[in-house]
Amino acid sequence: MKRIPLSRRKFLGTSGSALALFNIVPGHVLGAAGQTVPSEKLNIAFIGCGGRGNANINGCRTQNEYAYCDVDTSRYAKHALKNPKAKLYQDWRQMLDKESENLDAVVVSTPDHTHAIAAMSAIKLGKHVYVEKPLTRTVSEARALATAAKQYKVCTQMGNQGHAAEGARLTNEWLPALGEIKDVHTWSNRPIWPQDLLRLPGQPVPESLDWDVWIGTAPTRPYNAGYAPFKWRGWLDFGAGAVGDMGAHIIDHPVWGLNLGAPLTVTINRVQRNTPGSEKETFPRSSEIEYTFAARGDQPAVTLKWFDGKFSPPRPEALESERKLGGNGVIYFGSKYSMMHASHGSAPRIFPEADMKTFPRPAKHLPRSPGHYNEWFDAIKSNDPSKAKSNFSYAGPLTETLLLGCVVQCLPTGTTLKWDATAMKTDNDQANALIQHVYRDGWSL
């Protein structure tokens, strides 16, 4: 029986009686030129089902949870109990190979070092992808994913949920009223996992875990519970430390609101390390990174400082003594007003409080988000990637900025890198070696 392509509008407009002719309505149908046209609910596969994967599965509950995949089968067990019809896999490569024709989209919530390879494999199959933050572990991978998303014309979203929040909209609307902004301070109390460590000894691999697939693109090493399932973020081979983890929720907002673009320079001002040799294995316990950005039109050049761990920004003199900085946040120092907000762009506030009372609060004029996940769903169903506001055209360059901070953390204190975004290289050979991803044999984009 010949299959007749349907447009999404015609498909969704089909009457209930007509749909009743079919026992099963697939997650997608084929439109013109074989392109995927999603039905009312998307067929989504989830790669990584614990931690952030669990949160992302919950965020996609309005869609069809078609398949769960996790290298540790214990991590998808509870989801499988709730959704017994879902397909189950331990190796995402096998899942994509067998289920590609049944999928509309893929959510990647693995450790950072396997974000890019899993996402790229899905993109090359024409699947829409959502990838947890940071988008990738290395700068070269961030550039590759952003390029591929455009080439394959898929709808993408990175998991920095605050980009869709009301506070983020208010921040963007208020920033022009602060006057000239030349200095921004950002900070996080992360890491909340161990860093400043040497390599760990081998331990028996849990029966439920496929350790080789977990290692993925990284150099092989023996399993240790200090790597998986949680403490991988601090290890250079697997994660992006504090700046990679929380920078997507914090540095995101000044980069977006001030239209900063790519940094000109990145400097490591200081680090806290107590373990000699740990710089070859893990990120430091604490760090201070300084970025500089060029002037944009009538906006001046900006110096943005990042503090993590035990390092905190200097307390502004104008900030009331009873007012706390909080564990994560941003301070903008304007020529007219100063403002601070917490992570995810939440709770923007002019300080001191006397200025907040006289601040000429701008009218709301930016479109509000239907929700971080809904943006992505809407983008897919309307075939308009721009509806997802943290799509890879934005998230890719943001991730590059964050990961340049990770690179400079591995270099001697006081090192300044000059960044050539077009050529994707610095003036430092050691840094350039860290910018380009090196893949284990048998694994590559």
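Residue by residue through the stretch 260-284, note down the ones that are crowded, with 22+ Cβ neighbours inside 10 Å and under 22 Å from the mean Cα position of the chain (by Cα).
LEU260, PRO263, VAL266, THR282, PHE283, PRO284
Quick check on my filter: what residues within the stretch 306-327 are touching a residue at least 24 places away in the same chain (Cβ under 8 Å), open to solvent by 30 Å² or more (accessible area, probe 1.4 Å) and either among the polar types (S, T, N, Q) or farther than 21 Å from SER286 by Cβ (or both)?
Across the stretch 306-327, the qualifying residues are SER312, ALA318, GLU320, ARG323.
Restricting the first residue to the stretch 360-386 and requiring it to be among the aromatic types (Phe, Trp, Tyr), which pairs with a second residue that is surrounded by 13 or more Cβ atoms within 10 Å (Cβ to Cβ) meet a Cβ separation below 7 Å and a spacing of at least six or different chains?
TYR373/GLY59; TYR373/CYS60; TRP376/TYR130; TRP376/CYS155; TRP376/GLN157; TRP376/ALA388; PHE377/LEU42; PHE377/GLN63
For the stretch 329-342, what are the residues that are open to solvent by 30 Å² or more (accessible area, probe 1.4 Å) and either out of contact with any Leu (no Cβ under 9 Å at 6 or more places or on another chain) or basic (Lys, Arg) (or both)?
LYS336, ALA342
Please enumerate the residues belonging to the stretch 122-148 that are open to solvent by 10 Å² or more (accessible area, probe 1.4 Å) and among the small types (Gly, Ala, Ser).
Answer for the stretch 122-148, where residues must be open to solvent by 10 Å² or more (accessible area, probe 1.4 Å) and among the small types (Gly, Ala, Ser): GLY126, SER140, ALA144, ALA146.
If we scan the stretch 343-358, do we find a residue that is at pLDDT 95 or above, under 30 Å from LYS310 (Cα atoms), open to solvent by 70 Å² or more (accessible area, probe 1.4 Å) and under 23 Å from the mean Cα position of the chain (by Cα)?
yes
Is the stretch 160-172 home to any residue that is part of a helix (DSSP H, G or I), among the acidic types (Asp, Glu) and open to solvent by 10 Å² or more (accessible area, probe 1.4 Å)?
Of the residues in the stretch 160-172, the ones part of a helix (DSSP H, G or I) are 161-164, 166-172.
Then drop every residue that is not among the acidic types (Asp, Glu), which leaves 166.
Imposing the further condition that a residue be open to solvent by 10 Å² or more (accessible area, probe 1.4 Å) reduces the set to 166.
Yes - at least one qualifying residue is present in the stretch 160-172.
Where in the stretch 1-94 are there strands (runs of 3 or more DSSP E), lying wholly inside it, with at least 3 residues that are in contact with a Leu (Cβ under 9 Å, 6 or more places away or on another chain) and at pLDDT below 95?
On the way: elements: 28-30, 36-38, 43-47, 64-69, 87-89.
Counting at least 3 such residues, we get 28-30.
Across the stretch 395-415, which residue is farthest from the chain's Cα centre (by Cα) among those that are polar (S, T, N, Q) and surrounded by 17 or more Cβ atoms within 10 Å (Cβ to Cβ)?
THR415
Would you mind stating whether PRO362 is modelled with pLDDT of 95 or more, open to solvent by 40 Å² or more (accessible area, probe 1.4 Å) and farther than 18 Å from GLN161 by Cβ?
no
Go through the residues of the stretch 212-226 one by one and say whether even a single one is of a type in the set (Ser, Thr, Tyr), farther than 27 Å from ALA421 by Cβ and free of Cβ contacts under 8 Å to residues at least 40 places away in the same chain.
So far as the stretch 212-226 goes, yes, one or more of its residues are of a type in the set (Ser, Thr, Tyr), farther than 27 Å from ALA421 by Cβ and free of Cβ contacts under 8 Å to residues at least 40 places away in the same chain.
Consider PRO201 against the criteria (1) over 29 Å from PHE311 (Cα atoms); (2) in a loop (DSSP other than H, G, I, E, B); (3) open to solvent by less than 10 Å² (accessible area, probe 1.4 Å): it satisfies all of them except one. Which criterion is unmet?
(3)
Inside the stretch 264-307, can you point out the residues that are touching a helix residue (DSSP H, G or I) at 6+ places or on another chain (Cβ under 8 Å), of a type outside the set (Ser, Thr, Tyr) and assigned to a strand (DSSP E or B)? Break it down stepwise before answering.
The first filter runs over the stretch 264-307 and keeps only residues touching a helix residue (DSSP H, G or I) at 6+ places or on another chain (Cβ under 8 Å), leaving 266-268, 271, 273, 282-284, 287, 289, 291, 302, 304, 306.
Applying the additional criterion that residues be of a type outside the set (Ser, Thr, Tyr) yields 266, 268, 271, 273, 283-284, 289, 302, 304, 306.
The answer is VAL266, ILE268, VAL271, ILE289, VAL302, LEU304, TRP306.
Does the stretch 209-232 hold any residues that are touching a Pro at 6+ places or on another chain (Cβ under 8 Å) and open to solvent by 30 Å² or more (accessible area, probe 1.4 Å), and which are they?
Correct list: PRO222, LYS231.
Scan the stretch 56-73 and give yes if some residue there is open to solvent by 40 Å² or more (accessible area, probe 1.4 Å), more than 17 Å from THR156 (Cβ to Cβ) and of a type in the set (Asp, Glu), otherwise no.
no
Would you say LYS310 is of a type in the set (Lys, Arg) and either part of a strand (DSSP E or B) or at pLDDT 95 or above (or both)?
yes
Output the residues belonging to the stretch 416-436 that are of a type outside the set (S, T, N, Q) and surrounded by 20 or more Cβ atoms within 10 Å (Cβ to Cβ). Write out each step before concluding.
To start, the set of residues in the stretch 416-436 that are of a type outside the set (S, T, N, Q) comprises 417-421, 423-425, 427, 429, 431, 433-435.
The answer is LEU417, TRP419, ALA431, LEU434, ILE435.
The values are calculated or read from the model by the stated rules, or taken from the named source; none is laboratory data. These numbers come from a predicted model, not from an experiment. Note: ideal-geometry Cβ built from the backbone for every residue, glycine included; neighbour counts use all protein chains shown. We work out accessible area using only protein heavy atoms, side chains counted, and drop any ligands, DNA or RNA first. Shrake-Rupley method; radii C 1.70, N 1.55, O 1.52, S 1.80 Å.
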